[in-house]
Amino acid sequence: MKEKLYTIPVNEAFQADCSCPLCEIRKKLDKDATDYMMGPSYMEGDIRMETNKVGFCKEHYEKMYKMKNRLGLALMCDTHIQEIVKHLRTEGDSLKMVKKGLFSKAPKDKPKLNAFLNNISDNCYICNKINYNFDRYLDTVFFLWEKEPSFRDLVAKSQGFCFEHFSLLLDKGRENLSAEAYNDLVDLILPKEADMLEALEKDVAWFIDKNDYQHKDDPWGTARDAVERAVKTLSGLETE
């Protein structure tokens with residue numbers, strides 16, 4: 001099968017020497033989206049309209065701040081704050097409760113201002129972009145699994161997956177693959193994941209034993225970074 005634009009990042013991630021190919025895909029999407037956000041995109045009117053409405057999460061504010069483009073970040077913050085102030089000044093009355101005699105009653109529907117503020121709290125323009133593209137790449141994973149035998153070889157040679165993405169593959173695979181293709185996926189990745197976790201547990205156990213003075217002179221083997229690898233596998237968190 002000739003590689004196409006949407007299959008290349010998936011194949012590259014599964015060819016990489018990494019603990020989870022799906023983490024590699026998501027990490028690249030995150031970097032590309034953040035770089036794009038702090039590039040010329042902040043001058044594009046349609047993008048600024050969206051960022052004005054939802055803003056960014058704490059993680060991506062931090063990443064953008066560290067990129068040292070203070071002018072770009074200032075421009076996005078400026079119009080985002082303007083949007084918030086506009087809603088605060090025009091929709092404040094929607095928050096007020098209805099008074100009936102001695103009792104006050106909250107409105108049945110969520111007040112307009114509450115909905116706007118909650119949307120900001122629960123959303124991030126960059127996260128939304130990453131999630132949308134990650135879902136497309138996940139669809140590509142299942143497409144390649146079903147249609148391209150050579151991709152199955154790549155999955156077979158991979159190290160395994162972090163726990164979050166292993167679970168995601170099993171959940172989404174059931175929805176997207178035929179019964180035969182899904183069963184083949186389970187037969188491949190389930191024992192691979194169990195083997196990987198079993199080896200990881202042994203390293204973690206040896207790391208624990210190495211902290212006992214009786215084993216202080218014994219070789220570390222592959223256990224020196226066992227805690228970092230365990231955290232990455234169980235949570236997807238990249239430790240420094």
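Is it the case that residue 230 is loosely packed, with under 13 Cβ neighbours inside 10 Å, assigned to a helix (DSSP H, G or I), under 27 Å from the mean Cα position of the chain (by Cα) and among the small types (Gly, Ala, Ser)? Before the answer, list the steps.
Values: loosely packed, with under 13 Cβ neighbours inside 10 Å: no; assigned to a helix (DSSP H, G or I): yes; under 27 Å from the mean Cα position of the chain (by Cα): yes; among the small types (Gly, Ala, Ser): yes.
No.
Residues of the range 83-102 being surrounded by 11 or more Cβ atoms within 10 Å (Cβ to Cβ), over 16 Å from residue 123 (Cβ atoms) and either of a type in the set (Lys, Arg) or at pLDDT 90 or above (or both), which ones?
Those that are surrounded by 11 or more Cβ atoms within 10 Å (Cβ to Cβ), over 16 Å from residue 123 (Cβ atoms) and either of a type in the set (Lys, Arg) or at pLDDT 90 or above (or both): 86, 88, 90, 96.
Filtering the range 11-25 down to residues that are over 17 Å from the mean Cα position of the chain (by Cα) and not in a helix (DSSP H, G or I), which residue is surrounded by the fewest Cβ atoms within 10 Å (Cβ to Cβ)?
17
Only one of 25, 8 is of a type in the set (Val, Ile, Thr), under 22 Å from residue 131 (Cα atoms), without any contact (Cβ under 8 Å) to a residue 12 or more places away in the chain and out of contact with any Lys or Arg (no Cβ under 7 Å at 6 or more places or on another chain). Can you tell me which?
8
State all residues of the range 52-78 that are surrounded by 16 or more Cβ atoms within 10 Å (Cβ to Cβ), closer than 26 Å to residue 113 by Cβ, under 19 Å from the mean Cα position of the chain (by Cα) and not hydrophobic (A, V, I, L, M, F, W, C); if no residue qualifies, say none.
Listed by number, the residues that qualify are 55, 60, 61.
Just checking, which of 118, 123 is polar (S, T, N, Q), within 30 Å of residue 230 (Cα to Cα) and within 26 Å of the chain's Cα centre (by Cα)?
123
Please give the number of the condition residue 181 fails out of (1) of a type in the set (Gly, Ala, Ser); (2) open to solvent by less than 30 Å² (accessible area, probe 1.4 Å); (3) under 30 Å from residue 76 (Cα atoms).
Of everything listed in (1) of a type in the set (Gly, Ala, Ser); (2) open to solvent by less than 30 Å² (accessible area, probe 1.4 Å); (3) under 30 Å from residue 76 (Cα atoms), residue 181 misses just condition (3).
The values are calculated or read from the model by the stated rules, or taken from the named source; none is laboratory data. Quick caveat: nothing in here was measured; it's all calculated off a predicted structure. Heads up, the Cβs are rebuilt from the backbone with ideal geometry, glycines too, and the neighbour counts pull from every protein chain shown. Note: areas computed on protein heavy atoms with side chains; ligands, DNA, RNA excluded. Shrake-Rupley method; radii C 1.70, N 1.55, O 1.52, S 1.80 Å.
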